[in-house]
Amino acid sequence: LSEKLQNALGKLTGKGKLSEKDVDIAMREVRLALLEADVNFKVVKNFTKNVKERAIGNEVMQSLTPGQQVIKIVNDELTKLMGDKEVKIAFASSPPTIILMCGLQGAGKTTTTGKLAYNLKKQNKRPLLVACDIYRPAAIKQLEVVGEKVDVPVFSMGNKHDPVDIAKAAIEHGKKHGNDVIIIDTAGRLHIDENLMEEIENIKNIVKPNEILLVLDAMTGQDAVNVAESFDDKLGITGVVLTKLDGDARGGAALSIRAVTDKPIKFVGMGEKFDQLEPFHPDRMASRILGMGDVLGLIEKAQANIDAEKAMELEKKIRSAQFTFEDFLDQLEQMRNLGPLDQIIGMIPGMNSKALKGLEVSEKEIGHIEAIIKSMTKKERENPEIIDSSRRKRIANGSGTSVQEVNKLLKQFKETKKMMKRFGEMEKTMKKKGKFG
Ligand code: GDP
Ligand code: MG
């Protein structure tokens, strides 16, 4: 999904002004990408409608960076789709807090029960796990092993008792032993099944849980959303834990659940280990889906720091290849205002840490470049052609660098300028062709 969305939106960022048609085309691609990612049909329809309405607004089209503004809107709407803010576990005002785990077989209930206990223990809670899955032969043993691993007690009564009675007894036990959170692991079925629902409903009516967490397998996409609807209709769930997100490249379930059921995703499972349960942050998930690091942070920083008029002036110079070392220095300074270089690069879409490693400009090199330019006279900055070998030696001495470095920079600058000139000419011919051809 990330890649498809990036492609669809990437086409917008290259453009200066956007027309309604540009936005339309991009939204069509966004819609396809979302549908392919198994996002609920109605959710997709609503989503693209909202983005389009906001994108075609005047403010966006008139801004300096309309493409980026559209991406920001997509990010905002994705975040909104998933509920805007993190929703935490609702602890009971007088303990114990009772959490009922439910879901289909294999969704990850037992594993998540252990992860949650691990997580709560770190918050200085004293959880108790309850084995109410009496059907699957090894289920009780599995929970006991999980409990041992995370060093949390497990309450079980074998498989000869009714799960409702086990739950009742567990709560008594927990109260007596000072457990402030009681997590009840229940049985699942392969499919939604009346008997199963009834059993969980009975447990619910007796234990009156503070949280009913539905555990869903992210890899099942829209099926997970359907399961969520059924469980919610019957039980009134309070939240969702979306497991196996580590294996879900599409993101369809994550994007649809909140919009379809209006129930928050509270945690996501990112692996089989106990420390791989994370609180769900809609904004971070949206950025992850867009694969854009913290682009918004970057856009905000850039808007705060870069003078729009100066930027336009610079663009003109670049187009006419009248770019000098003076302008270059200006650019370096503006970039510096944004923050440390590696941080800035980390915020650019498509630039992950891997790309960073391959990147040759380091903070140190930029420092050298700056020093070299500063050692040039004003005349030299504007007409680098006059920099002969004796001037090169002087500049190298003055900047504490070597003649080789000065040479390298001069050569690079010359080539860049040549390229700019070529671009400028290309653009001119293209415009002519467009007009007369
Ligand atoms: P239950 O039947 O709902 O209790 O499901 P289990 O807790 O037994 O989990 C079923 C399988 O899913 C196990 O092999 C777990 O290790 C695996 N699993 C659970 N959560 C995650 C997760 O977040 N990521 C991955 N990769 N595997 C998970
Ligand atoms: Mg289980």
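Can you tell which of Thr238, Ala131, His173 lies farthest toward the positive end of the dipole of the range 97-290, using +1 and -1 charges on the Cβ of basic and acidic side chains (Lys, Arg; Asp, Glu)?
His173
Can you list the residues, at least 5 places off or on another chain, whose amide H is less than 5 Å from the amide H of Thr243, using H built in the peptide plane?
Excluding prolines and chain starts, which carry no amide H, the hits are Leu216, Asp217, Ala218, Gly269.
When the Kirkwood hydrodynamic radius is evaluated over all pairs of different C-alpha atoms of the range 70-214, what value in angstrom, to one decimal, is obtained?
Here the Kirkwood hydrodynamic radius works out to 16.0 Å.
Using Cα-only point scatterers and the Debye equation, what is log10 of I(q)/I(0) for the range 171-234 at each q in 0.18, 0.24 Å⁻¹, rounded to two decimals?
Listed by q, the Debye log ratios stand at -0.76, -1.12.
Give me, ordered by chain and number, the residues 5 or more places off Ile265 or on other chains with an amide H under 5 Å from its own placed amide H.
HN-HN under 5 Å from Ile265: Val240.
Can you work out ³J(HN,Hα) from phi for every residue in the range 400-412, in order, using Karplus 6.51 cos²θ - 1.76 cosθ + 1.60 and θ = phi - 60°, giving whole Hz and x for Gly and Pro?
Taking θ as phi minus 60°, the curve returns x, 10, 10, 4, 4, 5, 4, 4, 4, 5, 4, 5, 4 Hz for the range 400-412.
What's the center-to-center distance, using Cα atoms, between the range 104-170 and the range 223-251 in Å?
After rounding, the separation between the Cα centres reads 20 Å.
How would you classify the range 115-156 from its alpha-carbon gyration tensor, with a ≥ b ≥ c the square roots of the eigenvalues: rounded for a/c under 1.5, else prolate if a/b is greater than b/c, otherwise oblate?
Judged from the Cα gyration tensor, the range 115-156 comes out prolate (a/c at least 1.5, a/b above b/c).
Which links in Lys49/Lys122; Lys374/Lys417; Lys21/Lys88; Lys273/Lys364 stretch past 31 Å when you go from one Cα to the other? Let's see the in-between values first.
On the way: Lys49/Lys122 43 Å; Lys374/Lys417 19 Å; Lys21/Lys88 42 Å; Lys273/Lys364 40 Å.
Violating the 31 Å limit, Cα to Cα: Lys49/Lys122; Lys21/Lys88; Lys273/Lys364.
Expressed as cubic angstrom per residue, what is the convex hull volume of the alpha carbon set of the range 2-81?
In the range 2-81, the Cα convex hull volume per residue is 74 Å³.
So which trypsin sites (Lys or Arg not before Pro) in the range 121-172 pass both tests, a DSSP loop state and at most 10 other Cβ atoms within 10 Å of the Cβ? Please report the intermediate quantities before stating the final value.
Working: sites: Lys121, Lys122, Lys125, Lys141, Lys149, Lys160, Lys168; in loops: Lys125, Lys160.
Hits after loop and neighbour filter: Lys160.
What order do you get for 85-93, 235-243 when each peptide is scored by the mean count of other beta carbon atoms within 10 Å, highest first?
235-243, 85-93
Starting from the Cα coordinates of the range 179-288, work out the convex hull volume and express it per residue in Å³.
117 Å³
Going down the table (Lys393/Lys418; Lys17/Lys42; Lys109/Lys175), which pairs top 27 Å between alpha carbons?
Pairs exceeding 27 Å: Lys17/Lys42.
Please turn the phi angles of the range 5-12 into ³J(HN,Hα) values with the Karplus equation 6.51 cos²θ - 1.76 cosθ + 1.60 (θ = phi - 60°), one per residue in order, whole Hz, x for glycine and proline.
My calculation for the range 5-12 gives 5, 4, 4, 4, 7, x, 4, 7 Hz in order.
May I ask you to derive the relative contact order of the range 2-81, considering only C-alpha pairs under 8 Å and at least 6 residues apart, and to give it as an integer percent?
Reported as a whole number, the value is 38 percent.
Output ³J(HN,Hα) for the range 150-163: one whole-Hz value per residue in order, computed from phi by the Karplus curve 6.51 cos²θ - 1.76 cosθ + 1.60 with θ = phi - 60°, and x for Gly and Pro.
Result, rounded to whole Hz: 9, 6, 9, x, 10, 9, 8, 10, x, 10, 9, 10, 6, x.
Bear in mind these aren't lab numbers, they're just calculated from the coordinates by the rules spelled out. Nothing here was measured: the structure is a model prediction, and the numbers come from that model. Positions of Cβ are generated from backbone atoms using ideal geometry, with glycine treated the same way; all protein chains shown enter the neighbour counts.
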